[in-house]
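K.L.:
Sharing a structure with you now.
The values are calculated or read from the model by the stated rules, or taken from the named source; none is laboratory data. Note that the coordinates shown come from a computational prediction; the quantities given were computed from them, not determined experimentally. Cβ: placed from backbone, ideal geometry, glycine included. Neighbour counts: every protein chain shown.
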Ligand SMILES: NC(=O)c1ccc[n+]([C@@H]2O[C@H](COP(=O)([O-])OP(=O)(O)OC[C@H]3O[C@@H](n4cnc5c(N)ncnc54)[C@H](O)[C@@H]3O)[C@@H](O)[C@H]2O)c1
């Protein structure tokens, strides 16, 4: 089979993270489509791309493009993913898959109609080798029965009322923000590692800044704004959330999410407590897994493919001691996705699927309903 070729939609933060990871696994990126001609041209020039796309039609009409990566704000995912699928492309969409569960259910349905095309949602955190190791150890029974899972995903880049990005607007990012933007990574990871579905949630959310002073013009994720021109904008989305969880096996859990936690740049933590042992991980120290025991010394497992379970070792690109991190998790996710395409295995066993993306959106909607009703809500 000839090497696969991919076009990236969007020219912001995720677009160049995707480009970098795709190049590492030998997928040829034909070009990027930006929201303006100037952005498409700038991306082509900066990254040495052959094509400068000026419209989504140009991307989809190009027969040599096998796959499309959707790296645009959430509001545009449904339209771009639908069109790419109908044009015969494999599709990898950034999370969240869509704005709400009506859209995500329709995309799951569409993906089932085009079942010779691979469809994935980029829940890249699964591909940190030590998170994969936790999944293996839970499957092997090393932790015993899962009793409870606790953790957080916290950042500080939206701490000030002058901090702004399209995500803060419900119309562009969705009704939930901190929970749907970063909490969803934690919820997907925990569900995938434990193999346990979340059956009910009880949530308390907070909007710290009901008004933000937004800069005039577009701000790429994590970029500093031009201070000269600003205007106030009303915010309804959550800056913080605390959520109690019930799992299908009766296990319990809790998650807190914040984008206003000073000093925490991008920190996902979890601790899984099993009936035999426990384990804990922190994305800011991603090469170390803590294993806790009741009757013997605790352990620290350092990421080293020679010491990991085979299913986890395949996600470690470098030998032990050569630290890997955020960018490598994209490489791992895309390697799984493109290997499956090369093998024409569209079962979605090795990567996060549209069904996983749809499930996440239904959990997020249950979280919002729980907050609004101040009560426990079942996840449908
Ligand atoms: N997996 C992760 O770790 C992770 C991290 C950050 C963002 N994301 C997701 O990635 C997506 C993009 O987020 P980002 O942080 O890169 O945003 P960003 O604002 O940095 O970039 C978005 C880009 O899309 C462009 N764009 C907007 N509409 C477009 C259209 N119709 N066609 C072409 N380009 C268009 C914008 O001009 C901008 O360049 C979001 O869905 C977000 O949730 C995922």
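K.L.:
Take the conditions surrounded by fewer than 23 Cβ atoms within 10 Å (Cβ to Cβ) and more than 16 Å from the ligand (Cβ to nearest atom) and apply them to residue 116. Does it pass? Even if it seems obvious, please write down each step before you answer.
P.N.:
Working: surrounded by fewer than 23 Cβ atoms within 10 Å (Cβ to Cβ): yes; more than 16 Å from the ligand (Cβ to nearest atom): yes.
The answer is yes for residue 116.
K.L.:
While we're looking at this one, here's another question. Any chance the range 3-17 includes a residue that's at pLDDT below 95 and more than 8 Å from the ligand (Cβ to nearest atom)?
P.N.:
Narrowing the range 3-17 to residues at pLDDT below 95: 3.
Subset that is more than 8 Å from the ligand (Cβ to nearest atom): 3.
Yes.
K.L.:
I would also like to ask the following. Only strands (runs of 3 or more DSSP E) wholly contained in the range 130-248 count here; list those with 2 or more residues that are over 20 Å from residue 258 (Cβ atoms) and more than 16 Å from the ligand (Cβ to nearest atom). Let's see the steps before the verdict.
P.N.:
Details: elements: 146-154, 198-206, 211-215, 230-234, 240-247.
Passing ranges, in order: 146-154, 198-206, 230-234, 240-247.
K.L.:
Further question: May I ask you to list the residues in the range 135-159 that are surrounded by fewer than 20 Cβ atoms within 10 Å (Cβ to Cβ) and out of contact with any helix residue (DSSP H, G or I) (no Cβ under 8 Å at 6 or more places or on another chain)?
P.N.:
Selection gives 139, 140, 141, 142, 144, 145, 147, 148, 150, 156, 157, 159.
K.L.:
I'm trying to understand the selection: among the residues of the range 49-84, which are more than 12 Å from the ligand (Cβ to nearest atom) and surrounded by fewer than 16 Cβ atoms within 10 Å (Cβ to Cβ)?
P.N.:
50, 61, 63, 64
K.L.:
Out of curiosity, is residue 88 modelled with pLDDT of 95 or more, more than 20 Å from residue 346 (Cβ to Cβ) and away from the ligand (no atom under 15 Å from the Cβ)? Before the answer, list the steps.
P.N.:
Numbers: modelled with pLDDT of 95 or more: yes; more than 20 Å from residue 346 (Cβ to Cβ): no; away from the ligand (no atom under 15 Å from the Cβ): yes.
No: the conditions fail for residue 88.
K.L.:
Still on this structure, I have one more. Out of the range 61-92, which residues are in a helix (DSSP H, G or I) and within 11 Å of residue 9 (Cβ to Cβ)? Give the steps one after another, and end with the answer.
P.N.:
Looking only at the range 61-92, we keep the residues that are in a helix (DSSP H, G or I), and these are 61, 74-86.
Selection gives 76, 77, 79, 80, 81, 83, 84.
K.L.:
Name the single residue that is modelled with the lowest pLDDT among those in the range 347-356 being out of contact with any helix residue (DSSP H, G or I) (no Cβ under 7 Å at 6 or more places or on another chain) and surrounded by 14 or more Cβ atoms within 10 Å (Cβ to Cβ). I'd like the intermediate steps shown before the answer.
P.N.:
Quick first cut of the range 347-356, residues out of contact with any helix residue (DSSP H, G or I) (no Cβ under 7 Å at 6 or more places or on another chain) only: 347-349, 353.
From what is left, the residues that are surrounded by 14 or more Cβ atoms within 10 Å (Cβ to Cβ) are 348, 353.
Numbers: 348: 93, 353: 98.
Result: 348.
K.L.:
Right, something else. Is it the case, given these coordinates, that residue 336 is surrounded by fewer than 14 Cβ atoms within 10 Å (Cβ to Cβ), assigned to a helix (DSSP H, G or I) and at pLDDT 95 or above?
P.N.:
Values: surrounded by fewer than 14 Cβ atoms within 10 Å (Cβ to Cβ): no; assigned to a helix (DSSP H, G or I): yes; at pLDDT 95 or above: yes.
Criteria not met by residue 336.
K.L.:
Conditions: (1) free of Cβ contacts under 8 Å to residues at least 12 places away in the same chain; (2) buried (at least 22 other Cβ atoms within 10 Å of the Cβ). Residue 6 meets all but one. Number of the miss?
P.N.:
(1)
K.L.:
While we're looking at this one, here's another question. Could you give every pair whose Cβ atoms fall below 7 Å, whose first residue belongs to the range 50-77 and is farther than 27 Å from residue 360 by Cβ, and whose second residue is in a strand (DSSP E or B) and at pLDDT below 95, counting only separations of at least 6 or pairs across chains?
P.N.:
none
K.L.:
Moving on to the next point. Of everything in the range 1-22, what is touching a strand residue (DSSP E or B) at 6+ places or on another chain (Cβ under 7 Å) and either farther than 18 Å from residue 62 by Cβ or part of a helix (DSSP H, G or I) (or both)? Give them in sequence order.
P.N.:
15, 18, 19, 22
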